[in-house]
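Worksheet for the structure shown next.
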Amino acid sequence: MQLHDDASAHILVIDDDRRIGQTLLGILSSLGHQAVHADTLEAGVQMARRERFDLVFLDVRLPDGSGLERLSEIRETASRPEVVVITGFASHEGAENAICKDAWAYLKKPVSLAALKNAVTGVLDYRKQKGQTPIAFRSVSHEEIIGKSPRLSKSLIAMARAAMSQANTLITGETGTGKELFARAVHKNSSRRDGNFVVVDCGSLPEHLIESVLFGHKKGSFTGADRSEPGLVLHANGGTLFLDEVGELPLSMQKTFLRVLEHHCFRPVGDIREEHSDFRLIAATNRDLEKMAREHLFREDLLFRLQAVIIELPPLREREGDIPLLAEAHIRSLCRKNNLPPKSISPCFHDALELYDWPGNVRELKNSLDWAFTHALDCPVLYSRHLPHQIRVKVAQRQVGPVEGAPLEQGVEGPDMESWKDFRQNMLAREEKQYLKRLLSFAGWNVRKAVDVSGLSQARLYELLKKYDIPSKPSPD
């Protein structure tokens, strides 16, 4: 976004305290900036959608919701404004939540004049410098990565940034979210695209063979080594080494690999000479490496080296609108591969895909589409009955609702009937709220234990608790 001029910014203040809002407007105006005020969250979000802002000062506790819950939405508006969170109820958890949502800063009320000036000056300088060296994201090729959801778009931007650097990159996400696909996209769009892309599946390597597979071995170095073999690290020379499921790497090998990562030198098994390999490292994991590091199951120093750039992949259930696009693209591909005419997808098939929560993510979706395609070879249209039984069962159970066996109402129509999208969102919200209550009860209201059990980050857990107005401590009664 282009700034309005070299010295001024267009700023939005979202705060329900009109006195604070007017005070901020006065200070910002005296500094030469254009500022407007919204006293509700919804009004502020709508203003951010309609107008172009460089910076938004966002309160947390607003009469119509939590500012933190809609921070990402504000950041994703057309002008992509920076957001400074201001709150009279500052906490460590709130600070973590805000920064994880890409806030520029997290400030405690009352905000000092120096803090205000520093925030505005920093944002102005950042946006000016960023505008002088644009990154051509549109030139990045990612045709195999299908989807347009805001969550996926963030991951694609991170992928583009990774491709334009040589930094070590860590890709995180649940099983089946497409971590190898993103790693290949980083490689294909990088300056190393003409080199090898070498995959190392850390979870499938026998521990006694890891060193030989990675670094190679000299003839006669162990039983069965009837000839010298180069390892995968050398094979990646000039290209990219992809360590898939790096969390499965044994601690002993983590120490060895840390040295290789630092010096790009290694010694093949049975050899006295060192080899050199100029590789770029991309690692991926579905595990919480920070938690593993705290439990001494993963080396903290190696983790620091891995995450120079981080690409976080969202689960499919959080990629709104992407499921139909993925399904249609995969069915078209299957028709081409099997030399069959294009198949149509019925509304009931789409509805079933949208209602299922896809714990196995994109991988499970594609496997299910393969099943459906095979069971509909003689049918030009895909219907929900073509899907695997376990998916149809889950969909049917969700359509019943939270009270199993309750009779369905007859003749429900007119303005009181909710849309399919609202029905699905409300139903998922009810289930999420019940899960969170059960989780806290099971964990004895110990947030750290709840984080470990659920796999949620602490920031995400607190965000969900605020969303559903669930206290993080048991009520005194």
- line: When restricted to Lys109, Lys101, the only residue in contact with a helix residue (DSSP H, G or I) (Cβ under 9 Å, 6 or more places away or on another chain), modelled with pLDDT under 90 and closer than 21 Å to Gln22 by Cα is Lys109
field: Cβ pairs under 6 Å, 6+ apart, first in the stretch 331-357 and of a type in the set (Phe, Trp, Tyr), second open to solvent by 20 Å² or more (accessible area, probe 1.4 Å)
entry: Phe349/Tyr383; Phe349/Ser384; Tyr356/Lys394
- prompt: Any idea which of Leu156, Leu152 is open to solvent by less than 60 Å² (accessible area, probe 1.4 Å), within 27 Å of the chain's Cα centre (by Cα), without any contact (Cβ under 8 Å) to a residue 24 or more places away in the chain and closer than 24 Å to Ser72 by Cβ?
  reply: Leu156
- line: Matching residues in the stretch 222-240 (closer than 19 Å to Arg280 by Cα, out of contact with any Leu (no Cβ under 7 Å at 6 or more places or on another chain) and either of a type in the set (Gly, Ala, Ser) or loosely packed, with under 12 Cβ neighbours inside 10 Å (or both)) number 3
message: Restricting to the stretch 330-356, count the residues that are open to solvent by 20 Å² or more (accessible area, probe 1.4 Å), aliphatic (A, V, I, L, M) and under 25 Å from the mean Cα position of the chain (by Cα).
response: 0
query: Is one or more of the residues making up the stretch 264-277 open to solvent by 20 Å² or more (accessible area, probe 1.4 Å), of a type in the set (Gly, Ala, Ser) and not in a helix (DSSP H, G or I)?
result: yes
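Please indicate, with yes or no, whether at least one residue in the stretch 210-221 is in a loop (DSSP other than H, G, I, E, B) and open to solvent by less than 70 Å² (accessible area, probe 1.4 Å).
Yes.
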statement: For the stretch 180-196 the number of residues that are crowded, with 18+ Cβ neighbours inside 10 Å, in a loop (DSSP other than H, G, I, E, B) and touching a strand residue (DSSP E or B) at 6+ places or on another chain (Cβ under 8 Å) is 3
- request: Report yes if Ala443 is modelled with pLDDT of 80 or more and surrounded by 16 or more Cβ atoms within 10 Å (Cβ to Cβ), otherwise no.
  value: yes
message: Please go through the stretch 322-342 and give me each residue that is touching a helix residue (DSSP H, G or I) at 6+ places or on another chain (Cβ under 9 Å) and not in a helix (DSSP H, G or I), ordered by number.
response: Asn338, Leu340, Pro341, Pro342
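The values are calculated or read from the model by the stated rules, or taken from the named source; none is laboratory data. Just so it is clear, the model here is predicted, and its values are computed rather than measured. When we count neighbours, we look across all protein chains shown, and the Cβ atoms used for this are built from the backbone with ideal geometry, even at glycine. Note: accessible area is taken over every heavy atom of the protein model, side chains too, but ligands, DNA and RNA are not part of it. Shrake-Rupley method; radii C 1.70, N 1.55, O 1.52, S 1.80 Å.
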